[in-house]
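Asks: What follows is a structure written as structure tokens; I'll ask about it next.
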Amino acid sequence: MIQCKREKELGPKRVEAIISDAVNPESPPYGYILAAPAHFSKAAHDKFREHLRDRGVMEFHLWGAGELEDMLHQPKNDHILFAFFGISLTSRRRSRTTEIRTAVNVKNKLRRVLGDHSSHQSVLLRDLQDAHYPYKDEYKDFDKRPRWKEYSAVAFHPLGLIVSVARHYAYIDKAKAEWDFTKAVNNVMPVQSHHRRHRDVDKEDLRNAVKGFWEQLPLAKKATFVYNGFIRFDSIAFIDDKGDTEYECPHLFVDFHNERGPFADSIQHLEINEHQHESLEGLKRIKIFPEKFPKPSFGTVYRDKVIAVNDRTRATLKYNSGGITLYDADKKYSHLKPTDVIGVDRTEDKEGKNTRLKITNVRVATGKELLDACKDNPPLKQEIEHQISRQLKPGDTIQIVEALVLYDWQIEQNRPVV
């Protein structure tokens, strides 16, 4: 006997009443099923089992909403699910299989085209709905909403490709949990076709001005604000791995959104150096960078005067064309100011020219402050003591001079010569 009830609630008393009306104890059926779109309580289950046993039924099943859904989702009942509810799990599985296959094919093709590491290779992201490439003039809002744009690939993600969108000069003070950055210039410059390169003097001047301001920050507080975009494999409709004469790099066709463009998500962090990244979480943004940046210039360019450094520091300069930090306990460098340029003694090249330094930051710290900073950095203490030629003491006053190696061609302005 199979009995169905279209009732949302069936308590123990109602279950007992249904069985009493349907099952005759003098001639009971062998089996009995009660089905209803309700969630039966334990008490209802107990009453169901007890009442049917008393009436001599040998086998019985109580099908509630949960049991009915479980049965409907079995592959053998897919035709019933589709007939009454318009849902086919088999079709969904086929569709999902197609989605996975497409995403895997895109991933594998990108790996073949870009290589397994992909870093620093250009890709052109193109709007799937665009019909005017490569004519930007067809869109009045192209600058705000580009329908195609070149990016540098950064890395593969298990679900997609990460590209570099922006790299801005930034500031961080870990002790105070503060940071800032400027959007004035973007240091991401994808490799583009040579015939589309146009020198923009104004942009170059602005870039030099912003860089000049950033260079004068203390080395420990310099950072780069990194903004990366994430493109899912399953959002890439097609890959043109050859590109064209306008953009000689792979073209990825993606649906662009009004707000976020081709990206499913963004990844943002501060880069202290190549191996150290800092999350923005917990940091408070303050105002460090100005709205307008002063034109870069040099301070005093010392042509006939040099500074003396020890052999270890001189060797560092020989093999390090970047920055250097000098520590002074005897006021040897007290005449130096930020943007000054001075040579280093005994660093002559074949032409007899000394290595030149551009001073970027000058400050004073107590011995105690430096000793505290050295607790987690023993090599720093060794470097300071090597430069000042004695043991660092808490009562010391140490001048810290940070500088960058400078070449003659970088000195573009005439300044007073001392």
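Asks: For the range 219-289, give me every one of the strands (runs of 3 or more DSSP E) that falls completely inside it and has 2 or more residues that are modelled with pLDDT of 95 or more, among the aromatic types (Phe, Trp, Tyr) and surrounded by 14 or more Cβ atoms within 10 Å (Cβ to Cβ).
Replies: Values: elements: 222-232, 236-240, 251-254, 265-273, 276-278.
Passing ranges, in order: 222-232.
Asks: Let me ask something additional. Within the range 85-106, is there a residue that is under 18 Å from the mean Cα position of the chain (by Cα) and either among the hydroxyl-bearing types (Ser, Thr, Tyr) or under 30 Å from GLU215 (Cα atoms) (or both)?
Replies: Within the range 85-106, the subset under 18 Å from the mean Cα position of the chain (by Cα) is none.
Checked the range 85-106: no residue is under 18 Å from the mean Cα position of the chain (by Cα) and either among the hydroxyl-bearing types (Ser, Thr, Tyr) or under 30 Å from GLU215 (Cα atoms) (or both).
Asks: Another question, then. If LEU336 satisfies all but one of (1) in contact with a helix residue (DSSP H, G or I) (Cβ under 8 Å, 6 or more places away or on another chain); (2) open to solvent by less than 40 Å² (accessible area, probe 1.4 Å), what's the number of the condition it fails?
Replies: Unmet for LEU336, out of (1) in contact with a helix residue (DSSP H, G or I) (Cβ under 8 Å, 6 or more places away or on another chain); (2) open to solvent by less than 40 Å² (accessible area, probe 1.4 Å): (1).
Asks: Can you name the residue in the range 384-410 that is of a type in the set (D, E, K, R) and out of contact with any Ser or Thr (no Cβ under 8 Å at 6 or more places or on another chain) and, of all such residues, is most open to solvent (accessible area, probe 1.4 Å)? If you could, list the steps in order and put the result at the bottom.
Replies: Of all residues in the range 384-410, those of a type in the set (D, E, K, R) come to 385, 390, 393, 396, 402, 408.
Then keep just the ones that are out of contact with any Ser or Thr (no Cβ under 8 Å at 6 or more places or on another chain); that gives 385, 390, 393, 408.
Values: GLU385: 41, ARG390: 89, LYS393: 112, ASP408: 70 Å².
Applying the filter and picking the extreme gives LYS393.
Asks: So which residues in the range 52-77 are within 12 Å of TYR32 (Cβ to Cβ) and exposed (fewer than 14 other Cβ atoms within 10 Å of the Cβ), if there are any at all?
Replies: Of all residues in the range 52-77, those within 12 Å of TYR32 (Cβ to Cβ) come to 52-53, 55-63.
Passing the criteria: ARG53, MET58, GLU59, HIS61.
Asks: Could you give me the residue pairs with C-beta distances under 7 Å whose first residue belongs to the range 82-107 and is over 23 Å from MET71 (Cα atoms) and of a type in the set (Gly, Ala, Ser), whose second residue is open to solvent by 60 Å² or more (accessible area, probe 1.4 Å) and assigned to a helix (DSSP H, G or I) wherever it lies, and which are 6+ apart or on separate chains?
Replies: Qualifying pairs under 7 Å: ALA103/ASP234.
Asks: Would you tally the residues in the range 8-45 being more than 24 Å from LEU72 (Cα to Cα), open to solvent by 50 Å² or more (accessible area, probe 1.4 Å) and under 59 Å from the mean Cα position of the chain (by Cα)?
Replies: Of the residues in the range 8-45, 1 are more than 24 Å from LEU72 (Cα to Cα), open to solvent by 50 Å² or more (accessible area, probe 1.4 Å) and under 59 Å from the mean Cα position of the chain (by Cα).
Asks: Looking only at the range 78-128, filter to residues that are open to solvent by less than 40 Å² (accessible area, probe 1.4 Å) and in a loop (DSSP other than H, G, I, E, B); which one of those is farthest from PHE142 (Cα to Cα)?
Replies: Among residues in the range 78-128 that are open to solvent by less than 40 Å² (accessible area, probe 1.4 Å) and in a loop (DSSP other than H, G, I, E, B), the one farthest from PHE142 (Cα to Cα) is SER88.
Asks: Would you check if PRO296 is out of contact with any strand residue (DSSP E or B) (no Cβ under 8 Å at 6 or more places or on another chain) and within 15 Å of LEU404 (Cβ to Cβ)? Walk me through how you get there before you give the answer.
Replies: Values: out of contact with any strand residue (DSSP E or B) (no Cβ under 8 Å at 6 or more places or on another chain): yes; within 15 Å of LEU404 (Cβ to Cβ): yes.
Yes; evaluated as a whole, the condition is true for this residue.
Asks: Just give me the residues in the range 27-41 being farther than 12 Å from CYS4 by Cβ and of a type outside the set (Phe, Trp, Tyr), in sequence order.
Replies: SER27, PRO28, PRO29, GLY31, HIS39, SER41
The values are calculated or read from the model by the stated rules, or taken from the named source; none is laboratory data. Because the structure is predicted, anything quoted here is derived from the model rather than measured. Every residue, glycine among them, receives a Cβ derived from its backbone with ideal geometry; neighbour counts consider all protein chains shown. Just the protein is used for accessible areas: all its heavy atoms, side chains included, with ligands, DNA and RNA removed. Shrake-Rupley method; radii C 1.70, N 1.55, O 1.52, S 1.80 Å.
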